[in-house]
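Taking it in order: structure first as structure tokens, then the write-up.
The values are calculated or read from the model by the stated rules, or taken from the named source; none is laboratory data. Since the model is a prediction, treat every value here as computed from it, not as a measurement. In this analysis, Cβ positions are derived from the backbone assuming ideal geometry, glycine residues included, and neighbour counts consider all displayed protein chains.
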Amino acid sequence: MTFIATVFSVDSEKLDSYEGQIRDALVKHLRSVNDESTAYLTELFVGNFSRRADLVVANGILSAYEIKSASDRLDRLAGQLSSYKKHFEGVTVVCAVKHLPQIKRIAPRGVGILTVSERGDISAIRSATRLKPRKDILLSFLPVIELRKLLQNSGQSIKATAGRAVLLAEARAVDYSSIRDYLLNYMKRKNAINIARRSIAQERSAQMARLREIESKKHVEMLKFSSQMNAMKAIPRLVLPKVSKTP
């Protein structure tokens, strides 16, 4: 077993119990060892939407990470790993230490294993071996518009009305390395778009929060002003006695 890093801050919680925390910490660790061009995509569907990888990493290779927190069940893991081995060049399970004995029995040879302790320590149990997905599997990641671009880059002319089935049939003639390189580039572009969208959404959320704060302050001031006006209305009018005129 190889200790990698402590990537959580220790507190009263068991830090291997939440998938989101484990994923965020895993990305933080991977960013410390990969170059800045690496793409990290969360919850990517594969196999005609039958499976969803918790984290997909695209750098020199296309890798999938399946996360199993202490609160997760393992009954679907065998099917998930079988699908991921067909779709990715590297597959790794990231699991709570309590699951390790069972995962060693479930995970087939070639699948990497990382463990996460209750304190948040990530340790490498075994490394993933390099896989080679079929050409048609790599193509399945690309939407229609990207299939067209791939074919155009390969010098093929395609009818504007050509559907996905025709595009896939034509794309199978493209050499493997070109498809693979294009897919990795697409994943990185997709990641950049996702980051930009999240940034815009966060900025809009921050703007809305500022506007709500301004409106709240205005509302408080209006209530104060209204209260002051009501207090003034409640003051009894001073009635002066009439002064009689002397002849």
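Please work out which residue is surrounded by the fewest Cβ atoms within 10 Å (Cβ to Cβ), limiting yourself to the range 44-68 and to residues that are under 14 Å from THR92 (Cα atoms) and hydroxyl-bearing (Ser, Thr, Tyr). Taking the candidates together, the pick is SER63.
Scanning the range 141-161 for residues that are free of Cβ contacts under 8 Å to residues at least 24 places away in the same chain and either aliphatic (A, V, I, L, M) or under 23 Å from TYR84 (Cα atoms) (or both) gives PRO143, VAL144, ILE145, LEU151, ILE158, ALA160. For the range 78-93, filtered to residues that are surrounded by 20 or more Cβ atoms within 10 Å (Cβ to Cβ) and touching a helix residue (DSSP H, G or I) at 6+ places or on another chain (Cβ under 8 Å), the residue that is farthest from ILE137 (Cα to Cα) is VAL93.
Is there a residue being assigned by TED's automatic domain parsing to the domain that holds PHE49, buried (at least 18 other Cβ atoms within 10 Å of the Cβ) and free of Cβ contacts under 8 Å to residues at least 24 places away in the same chain anywhere in the range 106-114? The answer is yes, given that some residue of the range 106-114 is assigned by TED's automatic domain parsing to the domain that holds PHE49, buried (at least 18 other Cβ atoms within 10 Å of the Cβ) and free of Cβ contacts under 8 Å to residues at least 24 places away in the same chain. Exactly one residue out of ARG148, ARG119, ARG73, ARG126 is touching a Gly at 6+ places or on another chain (Cβ under 7 Å) and of a type in the set (Lys, Arg), and it is ARG126.
Does the range 121-138 hold any residues that are farther than 15 Å from THR92 by Cα and part of a strand (DSSP E or B), and which are they? Within the range 121-138, ASP121 is the sole residue that qualifies. In the range 49-94, the residue that is farthest from LEU26 (Cα to Cα) out of those that are of a type in the set (Ser, Thr, Tyr) and assigned to a strand (DSSP E or B) is SER63.
So, GLN152, is that one part of a helix (DSSP H, G or I), in the same structural domain as SER178 (by TED's automatic domain parsing) and at pLDDT below 95 or not? Spelling it out, GLN152 is indeed part of a helix (DSSP H, G or I), in the same structural domain as SER178 (by TED's automatic domain parsing) and at pLDDT below 95. Within the range 95-120, the residues that satisfy the criterion of being assigned to a helix (DSSP H, G or I), among the hydrophobic types (A, V, I, L, M, F, W, C) and farther than 30 Å from ARG180 by Cβ are VAL97, LEU100.
Quick one: in the range 162-179, which of the residues that are free of Cβ contacts under 8 Å to residues at least 24 places away in the same chain and closer than 15 Å to VAL144 by Cβ is nearest to the chain's Cα centre (by Cα)? Quick ask: steps written out before the conclusion?
Of the residues in the range 162-179, the ones free of Cβ contacts under 8 Å to residues at least 24 places away in the same chain are 162-167, 169-170, 173, 175, 177.
Next, from what is left, pick out any that are closer than 15 Å to VAL144 by Cβ: 162-167, 169-170.
Numbers: ALA162: 32, GLY163: 30, ARG164: 27, ALA165: 29, VAL166: 32, LEU167: 29, ALA169: 31, GLU170: 32 Å.
Residue satisfying both the conditions and the ranking: ARG164.
Among the listed residues GLU43, GLU66, identify the single one that is within 16 Å of the chain's Cα centre (by Cα) and at pLDDT 95 or above.
Numbers: GLU43 fails: at pLDDT 95 or above.
Exactly one residue qualifies, and that residue is GLU66.
Within the range 158-212, being among the polar types (S, T, N, Q) and surrounded by 12 or more Cβ atoms within 10 Å (Cβ to Cβ) holds for SER178, ASN185, ASN191, ASN194.
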